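The values are calculated or read from the model by the stated rules, or taken from the named source; none is laboratory data. Quick caveat, the model's predicted, so the values are computed rather than measured. Cβ atoms come from the backbone with ideal geometry, glycine included; neighbour counts cover every protein chain shown. In case anyone asks, the SASA skips ligands and DNA or RNA and just uses the protein heavy atoms, side chains included. Shrake-Rupley method; radii C 1.70, N 1.55, O 1.52, S 1.80 Å.
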Amino acid sequence: MSEYTSAHPDPSPTDRGNPLPVSRIGRRRLLRAGLATGGALAAVRLLPATPASAAPTVAVRPPAAGFTPASAASPTVAAWPDWARFARLADGTFDEVADMQGRINQLKAQNVSVIELDTVLSDWLTDAEFTAHAALVRTFTGKAHAAGLKVVMYYPSLEVISPGGEKGRSFYKNDQGRTWVQRSLDGKPNVFYGSLVVWVDPGDESCWVSPNSPWRDYYLNRIKQLAATGVDGIWPDVPIYFDGALSWCDASTWGAAAFTADTGLAALPRAADHNDPVFRRYVEWRHRNLLRFQLDIAAAGRSVNPDLVTFVETVSMDYRYATSIGLDGAYLRQAAGNVSQVWEVDILANEDGMRHATATDWTCLISMYKYARAASGTKPAWAFSYGWKADDASLVMSELISSGCNPYEVKTPYKNDTTDAATRTRMFGFVKANQQRLYDAVSAAEVGVYHSSASRDYVSPGEGNGMYANATAPAGIADWWGGDDPEMSCTTMPWLGEFRGTVKALVYAHVPFDTVTSPGLAAGDLARFKVVLLPNLQAVSDAEAAVLRGYVAGGGTVVLTGPAPTGLDEYGTRRAEYALADVLGLRRADPLPASRRNVFGAGVCWYLGGDLPGLAYLRTADQAAGDRLLAPVRAAAPPSLGLSGDRRIHLEARRLGEETVVHLVNFTNFGDAPAAFRTTPASCTLTYAVPAGRTVTAVTVATPDGTDPAPRPVPFTVTAAVASVPLTVAQYSVVGITVS
């Protein structure tokens, strides 16, 4: 729900001679709550559709057929540099050249290692203005490098803002915007004026352009210019089909040509209709089209500097927002080259953060960070760590770090300030002191939870994004994410609710797990798991089904829920027979049982019919529903770790050599209803089943909650091959168990 504004006024179009970054402090994210209630739309002026007879004449240059761009074949960089893998990020925006060194020194003192530089690149700039600003970026980067810091340059990818553009000159009215703009299915240009979103001031113009138009080459050439400044990385901002003012863009001439070239279909859908197979194909095509644009951005930067990394800011997480804006972050997971994501993991309220979350909201936040880590694959996963006050900021960052992401710390709703300098310094100091244990360790989870992009897109489509559970603002709290609209809650959504409820059940049971994303699924993605949960899995491709079938045949266990298990193809079209009918031991003609255990090859498939148990657990933490989900998990993957203590202590487990690294995050002060934020240390006992023939030689605890981030020895006992470690967790503890 966060966005950022600047204390500095935007220059008028006539003041463009000043190249200093005194204008916009970035554009970030769509205020979904405000749009859901319709309150902001009154302040916006939209443009009418361009009649077909008046449509601009353009020389269409469709991309090559198929979904793989030339850039996807670029050589893979051997390894991610340590600075990117261990990054501790913060904004380094400066207002004057004289401010550069002071800003850099300030960030270095706060244990920041990577500076995100966000200046005037959101705005409509001439070539001369862009070149002048690139010279400033070069100066800043040189100073940062001298201080031992890295720099990544923020650059919006598909939005051009014209300050004062409603009544004055603008990119849409006076430049190429009218030709290059995204269009809705009914032909309207994706341009608006006013305060629809907080990053576009009243009187400014926001023009969202088509990635298939000549804007692509225009933008990529500017990426090359930025790469030549010496920056270490590029941070393209949200390449999306923006849906704040219009829905289901891009039906521009450029988009239509690309759609036909890629799919072989003669024309775009006429309207948004999930019963129309052409529209469903359009939904999936937009994901792949934006993937290709991201790959081309990364390739353009590397063509100038082979060591350049690209981190694409991605606002769509595990919930339904990716369907409407097209940007599915998981599609980038297996891309060649050093290109990954900065995940904008959102919070509940602009000026309250997570302070009035419920416990279920907290598991939703955990789900988002776990998805971010999974969708980035083996690459670094940078992520936003929003806070309102010091205590909630540190707890959010604890969840981020425990999930394996790198923190970009920022105060909501701004992006150019810290929540609390002392907290940033302390938390980043902890990350710096423990970076190998945090980012070199590999997951020890034997349980996977499958996130199906196709099921998200095609199972029970509707309004609302489902970001959190509680859509109703607590008394006295403004700018709540859900805008008091119950349809926004994930508890109303059969697919997302089943997925999120499965996550909640595992968190509450202290079962370590990893999310598994569906695009590009391969056998290796499942090989390390003893059991994979498939919540409400309905839409699958033949190739995806073959991987799942092979996993079970080879000895794996799957737990599948939902009313039509694998009953749709990857475009949401009904299958004549379940794709995994043989694995399920069920046919479409068979009545669905309440439960079924089917042996297939060397493995087992559990089907849980009837009501969705994950959704039931999400809504009420119903114990019977949780036991239905977890009984097959406990049978197939008896845990080596246990935790006696409150179920609202989140447990993660990884391994680093001979050490098992256990993360414990305490959110015990969150309940079923929103309440005032507080932190109360929680007592618990961690148990560890010692492998046969091994001995526990040391147990240590490291925490950012005190003044010393270094691991310290703690007492433990071993009885009947089980090590027990009594602990008190304030907010976050990392336990190391070493065996020999």
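Please state the shape class of segment 603-657: rounded when a/c is under 1.5, otherwise prolate if a/b exceeds b/c and oblate if not, all from the C-alpha gyration tensor.
oblate
Using θ = phi - 60° and the Karplus relation 6.51 cos²θ - 1.76 cosθ + 1.60, list the HN-Hα couplings for segment 347-352 in order, rounded to whole Hz, with x at every Gly or Pro.
Here the 3J(HN,Hα) series is 10, 6, 9, 4, 10, 8 Hz.
In whole angstrom, note down how far apart the Cα centers of segment 697-728 and segment 528-550 are.
38
Sort segment 589-707 into rounded, prolate or oblate with this rule: let a ≥ b ≥ c be the square roots of the eigenvalues of the Cα gyration tensor; rounded if a/c is under 1.5, and if a/c is not under 1.5, prolate when a/b is larger than b/c, oblate otherwise.
In terms of gyration-tensor shape, oblate.
Relative contact order for segment 481-622: what percent, with Cα pairs under 8 Å and sequence separation of 6 or more?
The value is 29 percent.
Binning at 5 angstrom from zero up to the longest distance, how are the C-alpha pair distances of segment 258-416 distributed in percent?
2, 9, 16, 17, 16, 14, 11, 9, 5, 2, 0, 0
Normalised by the residues of the chain, what does the relative contact order come to in percent, with Cα pairs under 8 Å and at least six apart?
RCO, the chain: 12 percent.
Any of Lys143/Lys379; Lys188/Lys411; Lys188/Lys224; Lys504/Lys530; Lys143/Lys224; Lys143/Lys415 with alpha carbons more than 25 Å apart? Name them for me.
Over 25 Å Cα-Cα: Lys143/Lys379; Lys188/Lys411; Lys188/Lys224.
For the chain, what mean projected area does the convex hull of the alpha carbons give, in nm²?
Dividing the Cα hull surface by four gives the mean projection, 30.0 nm².
Please report the accessible area of Arg424 (heavy atoms, 1.4 Å probe, ligands and nucleic acids excluded) in Å², nearest 10.
Looks like 10 Å² after rounding.
State, as an integer percentage, the relative contact order of segment 224-383 based on alpha-carbon contacts under 8 Å between residues 6 or more apart.
With pairs under 8 Å counted, the relative contact order is 25 percent.
If amide hydrogens are placed 1.01 Å from N in the peptide plane, which non-local residues have theirs closer than 5 Å to the one on Gly337?
For Gly337, the qualifying residues are Thr76, Val77.
Where only protein heavy atoms count, and the probe is 1.4 Å, what is the accessible area per residue for the chain in Å²?
33
Which of the three applies to segment 110-258, rounded, prolate or oblate, going by the alpha-carbon gyration tensor with a ≥ b ≥ c and a/c under 1.5 meaning rounded?
prolate
Tell me the mean residue ellipticity at 222 nm calculated for the chain from its helices only (DSSP H runs of n ≥ 4, each -39500 (n - 2.57), averaged over every residue, nearest 500).
Calculated at 222 nm, the ellipticity per residue is -8500 deg cm²/dmol.
Tell me the trypsin sites (Lys or Arg not before Pro) within segment 607-705 that lie in a loop according to DSSP and have at most 16 other beta-carbon atoms within 10 Å.
Loop-located and lightly packed - Arg647, Arg678, Arg694.
For segment 565-634 and segment 385-452, what is the separation of their Cα centres, given in Å?
With segment 565-634 and segment 385-452 each reduced to a Cα centre, they are spaced 35 Å.
How large, in percent, is the carbon and sulfur part of the accessible surface of the chain at a probe radius of 1.4 Å?
Reported share for carbon and sulfur atoms: 54 percent.
Can you compute 3J(HN,Hα) from phi for each residue in segment 121-138, using the Karplus curve 6.51 cos²θ - 1.76 cosθ + 1.60 with θ = phi - 60°, rounded to whole Hz and x for Gly and Pro?
Along segment 121-138, the couplings run 6, 5, 8, 5, 10, 6, 4, 5, 5, 5, 5, 4, 6, 4, 5, 5, 4, 4 Hz.
For Asp91, list long-range residues whose amide hydrogen, built 1.01 Å from N in the peptide plane, is under 5 Å from its own amide hydrogen.
Glu116
Identify all aspartates and glutamates with a Cα-Cα distance to Lys167 below 14 Å; exclude those on the same chain that are fewer than 8 residues away in sequence.
Cross-link targets: Asp201, Asp204, Glu205.
Hey, could you grab the Kirkwood Rh for segment 458-527? Inverse mean 1/r over distinct alpha carbon pairs, Å, one decimal.
About 14.2 Å for segment 458-527.
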